[in-house]
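The values are calculated or read from the model by the stated rules, or taken from the named source; none is laboratory data. Please read all numbers here as calculations on a predicted model, not as lab measurements. Here Cβ is always computed from backbone atoms with ideal geometry, including for glycine, and neighbour counts include all displayed protein chains. Just the protein is used for accessible areas: all its heavy atoms, side chains included, with ligands, DNA and RNA removed. Shrake-Rupley method; radii C 1.70, N 1.55, O 1.52, S 1.80 Å.
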Amino acid sequence: MSHQEYEDVPAYELGRRDRELTPEQSLMVQAQLVDFLNSGRLSAARILVHRFQERSDRSQGQGHYPEATSLATWARRQVETFAAEGLLDHQQYSVPKELNFVWMGRPMEPAAVANVLAWTQRAEEAGWQVKMWTDTKSGPGGQPVSRWDPQVQERMKRAGVSFHEITDVLPLKQSTPTESWFSRFRGINRTPQDPLEGNPETARLRDVFANARTTSGAFPVASDVARYAILKRGGGYADVDIDPGLVDLKQPMAKMGREDLPILAPMLRDRHNLTITRQEAATHLEKPVGEVTMEDAALYRFKRAEYNNNFIIVPPDAEIISQIIKQIPEEVTHMGGADLAVAGASATGPLRVAQALAEHVRRFDLGTTTAAEEGAALDPTEVARWAKANWVTEESDNQDYGMGSSPFHTVALSHNLRDESIVSPHGGRKTNSIASAAHHRIPGVGSTIGNPSTETAPKSPVTSTAHIVAPVKRSGQVV
């Protein structure tokens, strides 16, 4: 290969070439890895390490095996050295030891209460805080939006759960008072100032929340935007149908870069989904289905970047949260509660998270990334910790709000994929790509409710094969 030819090949493509690299090419891929580490982008660095290791594995028995193995070993040790010697500290941030829950609507079921209390006990032992975010302010009918059993609420408080109003982070606009003739005569401006003026991201979430809280069917949307607002400050969020299982909160949390991928839940939603996952994992692990634990199932999904959004951990000011907010269309902020109830997950939920993840990975400038590479992008220590949670509990089957029995997946963003209108998962109908999710018009936005229109999607480069499931059940958002 000539000097000009190797210069024209991007470094990220050289890292998967099944041939021996020249010294100059090797320096190119090494420089890209070091650049990721110097800028604190550990997720991107881990993707490269995984890519190099897969190349090394493929090269066994071939002439370039020594070179491929040497590169993979060097890359792995570089990441380990940077972390061990604190060379990443200036670009890494501590995750607040806070676990947040959101609950709206009717009183919480006993199984959900038990899950929250289990987390609270584990948190107290490890110095974490548990916060329950709710909305007890009056809705359109004059009644509180969220209703609590006083005994349950008191029990939670005694256990250490602190209660907070969602409107503390998403303050509602005050209605403009009726002006008197004297005010108009004197030119007095009595329009109340928006408390979120100058904070457009949070203001966008607030506007969606203000409309979603008016209709019980739109509570899932209200809960979505509430969690994003809460997580702008960093920490963890969990749905109430997750139990801590064997998660060790005493183990120090690894620091995270603001551009790192978040810790998300594995794609385990309910008992039916768990059964399917155990069957798949059993084949992969070559062991009987009955011996596949929930932890095995979780790790199986993690390694394939098959995620759910009912659990999220991020550092303060994480770029991924801003990306999620940006993916919520401007039109959604003007939709009424009834329209938001129809739009559901397409407006603010898993589809928007999938879009944000795809865009985030694209910005790493690593070309096409595989699901296995993106699974390797998460901190392996943290994946091992959170995989021990009980992702499916009795409460998981209490959270059905009419989304049908089958989840739908979003996969590769590809310029080769044809855009189709978003299809509701009612009746088990599925949509199968991030591309079709990313560019669809959601029900209620520029189309007739229940009859979403089709528009032509802009061409997008192939970027991501990460999966995220749109849940059939989403807790913390129950009517």
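Annotations for the structure displayed:
- Complete set of residues in region 202-228 that are of a type outside the set (S, T, N, Q) and open to solvent by 10 Å² or more (accessible area, probe 1.4 Å): ALA203, ARG204, ASP207, ALA210, ARG213, GLY217, PHE219
- Single residue of TRP74, TRP103 found to be among the aromatic types (Phe, Trp, Tyr), on the phi < 0 side of the Ramachandran plot and either surrounded by fewer than 19 Cβ atoms within 10 Å (Cβ to Cβ) or without any contact (Cβ under 8 Å) to a residue 12 or more places away in the chain (or both): TRP74
- Test: residue in region 266-275 that is closer than 14 Å to ASP379 by Cβ and outside any helix (DSSP H, G or I): no
- TYR12 being of a type outside the set (D, E, K, R) and either touching a strand residue (DSSP E or B) at 6+ places or on another chain (Cβ under 7 Å) or under 30 Å from LEU231 (Cα atoms) (or both): no
- In the set (1) under 28 Å from ASP270 (Cβ atoms); (2) open to solvent by less than 40 Å² (accessible area, probe 1.4 Å); (3) touching a residue at least 40 places away in the same chain (Cβ under 8 Å), VAL342 fails one condition alone, (2).
- Any hit, region 277-294, residues being touching a residue at least 24 places away in the same chain (Cβ under 8 Å), on the phi > 0 side of the Ramachandran plot and in contact with a strand residue (DSSP E or B) (Cβ under 8 Å, 6 or more places away or on another chain): no
- Restricting region 237-275 to residues that are farther than 20 Å from ARG301 by Cα and surrounded by 24 or more Cβ atoms within 10 Å (Cβ to Cβ), the residue that is modelled with the highest pLDDT is VAL240.
- Residue within region 107-128 that is in contact with a Lys or Arg (Cβ under 9 Å, 6 or more places away or on another chain), surrounded by 13 or more Cβ atoms within 10 Å (Cβ to Cβ) and either of a type in the set (Ser, Thr, Tyr) or assigned to a strand (DSSP E or B) (or both) present: no
- Scanning region 9-33 for residues that are out of contact with any Phe, Trp or Tyr (no Cβ under 9 Å at 6 or more places or on another chain), part of a helix (DSSP H, G or I), open to solvent by 30 Å² or more (accessible area, probe 1.4 Å) and of a type outside the set (D, E, K, R) returns PRO23, LEU27, ALA31.
- Looking across region 34-52, just one residue is β-branched (Val, Ile, Thr) and either in contact with a Pro (Cβ under 9 Å, 6 or more places away or on another chain) or surrounded by fewer than 19 Cβ atoms within 10 Å (Cβ to Cβ) (or both), and that is VAL34.
- One residue stands out among those in region 276-296 that are of a type in the set (Ser, Thr, Tyr) and not in a loop (DSSP other than H, G, I, E, B): the one that is most open to solvent (accessible area, probe 1.4 Å), which is THR283.
- Filter result (over 24 Å from the mean Cα position of the chain (by Cα), small (Gly, Ala, Ser) and open to solvent by 30 Å² or more (accessible area, probe 1.4 Å)) within region 77-100: ALA83, ALA84
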